[in-house]
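Everything below concerns the one structure shown next.
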Amino acid sequence: MDRSKLNNAIGFGLIFLILIVWMQLNKPSKEQAAKQKMMQDSIANASLPKQAAASITAKTETEKLPDSIVTKRMQSGFGGFATAAIGTDQSFDIENELMKVTFSTKGGRIIKVLLKKYTKLAFDSITKKDVKRPLYLLEDAKNQFSYSLPVRGTDNGIVKTGDLFFQPTVQGKTISFRAMAGDGQYFEQVYSLAANTYNIKYQVNTVGLGSIWSPDKPVFELNWNTYLDKIEKNSGYERNYSTVYYKKLDENPNYCSCQKTAKDELEKPVKWISQSNQFFNSSLIAETAFKNGVVSTEVLPPGDPDLKKINTLIRFDNPNANSQSYKMDFYIGPNKLENLKAYNVNLEDLISFGSSILGTVNRWVMHPIFMFLMSLLGSAGLAILGMTLLVKLILSPLTFKMMHSQAKMASLKPYINKIKEKHPNDTQAQQVETMQIYREFGVNPLGGCLPMVLQMPIWFALYRFFPASIEFRQQSFLWATDLSSYDSIYNFGYNIPFYGDHISLFSILWMVSTLAYSYYTMKDNEMMGQNAQMMKVMQYAMPVVFFVFFNNFASGLSCYLVFSNLLNITQNLGIKAYFIDHDKIKINLENYRSKPKKKSGFQDRLEQAMKEQQRVKNEKQNKNKK
């Protein structure tokens, strides 16, 4: 072998031997190895959520410390539930045709619910289209559903079920979770899901716990805190329809403010509490009543991934009994009127149809009519058209009367023009003499207002109806993909203050058709007085101003108003062409003029008031001339 190669081999061998000897001399002792492992565990625990880290630490201590010390430490923190504070987090599912519910053994609570019949609609910035995604409720990792149990012998007198590991038992569509507190003693949560329902039968059982309850605290509490996710395309509008609702016994349902952070103290017994998005809710309904509670909403900034944080504190009475059961219904699903009405506890009032007469009209008139039309026509858009036709049909006699009144006023135009020529610069004198002409020929200048006045309650009701009705959610019509939200034919990619980031075609069509209808109706009507020009400006400015509002509103309402305008124009043209005889109207006006007349009290007072105003004005003008 070459001498240089031999020297290299010997050198590498010596280096390897030195490394082995060094590693053996510096090998840590058993005590040092244990310390290093504890340090590594501490670092790992620091990166975990607090509750999980506490559980792992407890498990490590159990393995390393004497049983007597571990028992003492766990009992000081968890009392009789010390053994339940150690365990492994596992998940279990139960499902039916409508929903899939996922549970965690940590806290024995629901961690997410998949609604199989619904999806989320979101705008994809890459494809520039709306895409559908699975819809989950209660899935936020920050959510809390934990009972605070008054347990004696603990450091702070409270054990939180969110820190405990429950033992699961699954039987068909029923799953129970038990946190053991000794022989035959446990805190249990039982969830049962029937077929074709969004309701979960929920029961809390305290079995044999009388010996460990703290006598100083006569109640135990549920801390139910939820971060409401952004589910709808128009999250800004969804935020205004999301809050916490509640019903005290023998009172009407109420809710926390939708617009700002708010808090309500519920000092009386409570029948139900509901955390609600625009179209979906999670509601706890007591079989009898909850003792009392506290609810609050925290509005999150627009840039936050969530809409709001809902904080709910529910108190349960009489935990000092050795064994007690608390039965509830847990509804997690859509805000469908028929689903919520089935509970017979006014749960349907959480649907934002409006209060007083608006809510009544929407629940008992609009909703049944639209549901019938949708089942008959098979399309939400066609149902809107059908509703528009129905309204026009009902109001057609009044519309004819309005058109007839307008035709009478048009026949008096020559007389009105003579009055203008007689008093070219005196609008008040024009008004007085014009009113005399109307009375002389039996024409009511306000006769054309009644159909519009009667339609206003319908408009106000529909303003609340479309954004609150889940039946219009994600229902497409023409270019609109969601009649409960805005329609968009173009997205800017940036937001314009007060306007939005898109162009709504239905709102444009409404504005154009409203301007056209205003021009059509105003050209035949003489507007008298000092405010005439202002009224004309308002007639044309109003559609432009409201166009900005409708750009971000439910396209179902804009669609209805477009149909309404088009039908108004068509109806008016048809009535004018086939039902209005102008020659006959002129003859009837002249006949009325020739008859003796009896002045009504209102007409007499109105005419006297206008004459008095004219007299005062003339006196002022004469003084100024002098």
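The values are calculated or read from the model by the stated rules, or taken from the named source; none is laboratory data. Everything quoted here is computed from the prediction, not taken from an experiment. Note that we place each Cβ from the backbone using ideal geometry, even for glycine, and neighbour counts take in every protein chain shown.
Note on segment 443-470: among residues that are at pLDDT below 75 and part of a loop (DSSP other than H, G, I, E, B), the one that is farthest from N591 (Cα to Cα) is C449. Starting from residues that are under 17 Å from I158 (Cα atoms) and of a type in the set (S, T, N, Q), keep the ones in segment 68-88 and report whichever is modelled with the highest pLDDT. So the residue we want is T83. When each of I94, I126 is tested for being closer than 22 Å to S283 by Cβ and hydrophobic (A, V, I, L, M, F, W, C), the lone residue that passes is I94. Name the residue that is surrounded by the most Cβ atoms within 10 Å (Cβ to Cβ), counting only residues in segment 157-186 that are part of a loop (DSSP other than H, G, I, E, B) and within 39 Å of the chain's Cα centre (by Cα). Filtering segment 157-186 for residues that are part of a loop (DSSP other than H, G, I, E, B) and within 39 Å of the chain's Cα centre (by Cα), the one surrounded by the most Cβ atoms within 10 Å (Cβ to Cβ) comes out as L164.
Count of segment 550-574 residues, restricted to those that are loosely packed, with under 13 Cβ neighbours inside 10 Å and modelled with pLDDT under 85, is 2. Taking the stated definitions as given, is N425 part of a loop (DSSP other than H, G, I, E, B) and either buried (at least 16 other Cβ atoms within 10 Å of the Cβ) or at pLDDT below 85 (or both)? In short, yes. Checking segment 114-130 against the condition returns a match, with at least one residue being in contact with a strand residue (DSSP E or B) (Cβ under 6 Å, 6 or more places away or on another chain), aliphatic (A, V, I, L, M) and at pLDDT 95 or above.
Among the numbered conditions (1) modelled with pLDDT of 90 or more; (2) on the phi > 0 side of the Ramachandran plot, the only one that G184 does not meet is (1). In segment 393-406, is there at least one residue being assigned to a loop (DSSP other than H, G, I, E, B), farther than 30 Å from P368 by Cβ and touching a residue at least 40 places away in the same chain (Cβ under 8 Å)? So far as segment 393-406 goes, no, none of its residues is assigned to a loop (DSSP other than H, G, I, E, B), farther than 30 Å from P368 by Cβ and touching a residue at least 40 places away in the same chain (Cβ under 8 Å).
Filtered by the rule that a residue be aliphatic (A, V, I, L, M) and either closer than 30 Å to Q430 by Cα or outside the structural domain of M435 (by TED's automatic domain parsing) (or both), segment 367-415 gives L398, M402, M403, A407, M409, A410, L412. Does L209 fit the bill of being outside any strand (DSSP E or B) and of a type in the set (A, V, I, L, M)? In short, yes.
Of all residues in segment 204-217, none satisfies the criterion of being surrounded by fewer than 16 Cβ atoms within 10 Å (Cβ to Cβ) and touching a strand residue (DSSP E or B) at 6+ places or on another chain (Cβ under 7 Å).
The set of residues from segment 463-479 being surrounded by fewer than 21 Cβ atoms within 10 Å (Cβ to Cβ) and among the small types (G, A, S) comprises just one member, S476. Within segment 479-496, residues that are in the same structural domain as D124 (by TED's automatic domain parsing) have Cβ atoms under 7 Å from residues that are at pLDDT below 90 in no pair, counting only partners at least 6 apart in sequence or on another chain. One residue is enough: does segment 225-236 have a residue meeting the conditions within 27 Å of V345 (Cα to Cα) and either surrounded by fewer than 15 Cβ atoms within 10 Å (Cβ to Cβ) or without any contact (Cβ under 8 Å) to a residue 60 or more places away in the chain (or both)? The answer is no; no qualifying residue exists. Of the residues making up segment 237-255, those that are surrounded by 20 or more Cβ atoms within 10 Å (Cβ to Cβ) and in contact with an Asp or Glu (Cβ under 6 Å, 6 or more places away or on another chain) number 1.
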